[in-house]
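Below: the structure, in structure tokens.
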Amino acid sequence: MPLFGSTFSPKKTPPRKCASLSNLHLLDRSTREIELGLEYGTPTMNLTGQSLKFEKGQWVADSGSFTGDRREMQRLRKRNQQLEEENNLLRLKVDILLDMLSETTAESHLMEKELEELKNHIRRRK
């Protein structure tokens, strides 16, 4: 029970005004870019003397900005190709070995089953 009258009741907040009084949000993108200067271009960065730019979701080296040895780049690409081919060959070998293992396992289970049947048949005859 309150000592000095009614319980605490805060004032109601007034309704909010329009979020934006500017009519720029009604303009299409190209007009906004012209009006506000939002033409940024492609993002670029410089790492260890090599200029990169972001295109189609990936960072791509600018043409002519690579200061390294072209022969080294070709050697690395060739080595990468060799390793990919070797990796594919090893995957193929693993698949073949797994197929051979499953085949011999199935044959082994069949032979064990036949052996059990023969043992049971011999026991019945005695």
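The values are calculated or read from the model by the stated rules, or taken from the named source; none is laboratory data. Predicted model, so just to flag it, every value in this text is computed and none were measured. Protein only, heavy atoms only, side chains kept; ligands, DNA and RNA dropped before computing areas. Shrake-Rupley method; radii C 1.70, N 1.55, O 1.52, S 1.80 Å.
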Projected area averaged over orientations for segment 66-125, convex hull of C-alpha atoms, nm² = 4.7 nm²
Quick one: what are the phi-derived ³J(HN,Hα) couplings along segment 110-124, Karplus 6.51/-1.76/1.60 with θ = phi - 60°, whole Hz, x for glycine and proline?
-> 5, 5, 5, 5, 4, 5, 4, 5, 5, 4, 5, 5, 5, 5, 5
J(HN,Hα) series, segment 90-101, from Karplus relation 6.51 cos²θ - 1.76 cosθ + 1.60, nearest Hz, glycine and proline x = 5, 4, 4, 4, 4, 4, 5, 4, 5, 5, 5, 5
To the nearest Å², the heavy-atom accessible area per residue of segment 66-125 with 1.4 Å probe amounts to 101 Å²
For segment 69-81, Karplus couplings with θ = phi - 60° (6.51, -1.76, 1.60), whole Hz, Gly/Pro x = 7, 5, 5, 5, 5, 5, 5, 5, 5, 5, 5, 4, 4
